[in-house]
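A.B. asks: Below: one structure in structure tokens.
Read the figures in this text as sums done on the coordinates, not as results from a lab. Remember, predicted model here, so these are calculated numbers, not experimental data. Every residue, glycine among them, receives a Cβ derived from its backbone with ideal geometry; neighbour counts consider all protein chains shown.
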């Protein structure tokens, strides 16, 4: 059955009828202003995809939003009032409510905006046609710029002039590939105008902060299959600009293996497979992300025992390192060994420090524990406690 793109089905969008969202919309509309759900929540609901955030666009200006929602018993918070955004807390849920805007001036990183009462102005300043979709209080879709045909075709297309949209915010180059990875139809290829504009504006990527680039890369690599997007990023020069030395060969093989063996995707492992120079620093990874990156990198490239990796850090990390090892050797991983790694995670080391004391203390105790643990793992966890304790000391 064909999906109806003219109206959002509440089955795909429980937020549409949620009392908390309705209270925000009703408060603004009751004040004589228009209000629409906008952007990702509308796009994803029409596609039947999960929705994480629900945003609202309105003709009301920030002071009016504040007053109307406060009078309705809600809690408005001026989180981005200079840019027209008020976060309205309703029923414990925060909704970003933003006044219709039009761009006055942009420098490729940030924009100077003016408020508007025209929904078309607001739509025109967005990035892609599939993101310039609105829905009224009852879910009827409003499409000021003709984005619905692109959404139906899963065609990621810049609004009007691709070159202009990119120059307004160079992060849109990375967003283009991310959106194609998540929502695009790989069979029909990418928009040639978009790719030409992206290739012509590579220098703009160097003006972006590491945090903004890192956030987009993580979202891109979290898609089920970003292979086509990654290939296009390599061909246009985008990948080399943001990650010097990166190469897509091994990550493409890794993605194929993931799908063939049913291994859950891991964006950090895919990042390791891409390679490149000073990657954690270039993308400003968090401490936890850096640690995961280092563990997978060491297990894949430095020959560490994967059973030990699974026992120490979990089968999920060990499996990713195993897939990458096979990608590097251009061989197909073994599903049975994935099962072995999962079994390794559940093992319990039969020796404790107490078993070795007081004969061993301090550094000697640590060394003896490490020796016995290595021997136990090398035996595929078969050596018993007595057998381990009988092993000669190093």
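A.B. asks: Residue 200 to residue 288: extension gain in nm, 0.36 nm per residue of separation minus the Cα-Cα distance?
C.D. replies: Fully extending the segment from residue 200 to residue 288 adds 28.1 nm.
A.B. asks: Only Cα pairs within less than 10 Å get springs; with that Gaussian network setup on the chain, which residue of 187, 223, 49 has the largest fluctuation?
C.D. replies: Result for the chain, Cα springs under 10 Å: 187 fluctuates most.
A.B. asks: Could I ask something else about it? Which of rounded, prolate, oblate describes region 207-257, given a ≥ b ≥ c as roots of the alpha-carbon gyration tensor eigenvalues and a/c under 1.5 marking rounded, otherwise prolate only if a/b is larger than b/c?
C.D. replies: Note, shape of region 207-257 comes out oblate.
A.B. asks: Tell me whether region 161-242 comes out rounded, prolate or oblate; compute the Cα gyration tensor, take square roots of the eigenvalues as a ≥ b ≥ c, and use a/c under 1.5 as the rounded threshold.
C.D. replies: Oblate is the answer for region 161-242, as a/c is 1.5 or above yet b/c matches or exceeds a/b.
A.B. asks: Also, quick follow-up: Taking the 0 to 90 degree range and rounding to the nearest ten, how far is the long axis of helix 19-30 tilted relative to the main principal axis of the chain, both from C-alpha atoms?
C.D. replies: Rounded to the nearest ten degrees, it is 20.
A.B. asks: Quick one: P(r) of region 244-347 from all Cα-Cα pairs, 10 Å bins, percents rounded to integers, in order of increasing distance.
C.D. replies: Using 10 Å bins, I get a P(r) of 16, 51, 29, 4, 0 for region 244-347.
A.B. asks: If each residue's Cβ is checked for other Cβ atoms within 10 Å, how do 349, 115 rank with the fewest at the top?
C.D. replies: 349, 115
A.B. asks: So what is the relative contact order for the chain, in percent, with contacts set as C-alpha pairs under 8 Å and at least six apart?
C.D. replies: About 9 percent, as a whole number.
A.B. asks: Give the order of 228, 58 when sorted by the count of other beta carbons within 10 angstrom, beginning with the fewest.
C.D. replies: 228, 58
A.B. asks: Let me ask another. Using 0.36 nm times the number of residues separating residue 349 and residue 393, minus their current alpha carbon distance, what extension gain do you get?
C.D. replies: Separation in residues times 0.36 nm, less the Cα-Cα distance, equals 14.0 nm.
A.B. asks: Between rounded, prolate and oblate, where does region 151-287 land on the alpha carbon gyration tensor, with a ≥ b ≥ c its root eigenvalues, rounded for a/c under 1.5, else prolate if a/b exceeds b/c?
C.D. replies: oblate
A.B. asks: Any chance you could give the angle, 0 to 90 degrees and rounded to 10, that helix 335-345 forms with the longest Cα principal axis of the chain?
C.D. replies: 80
A.B. asks: Shifting gears a bit: Give me the angle, in degrees from 0 to 90, between the Cα long axis of helix 287-301 and the longest principal axis of the Cα atoms of the chain, rounded to the nearest 10.
C.D. replies: Value to nearest ten degrees: 50.
A.B. asks: Roughly how far apart, in whole Å, are the Cα centres of region 128-168 and region 223-258?
C.D. replies: If you average the Cα positions of each part, the centres end up 26 Å apart.
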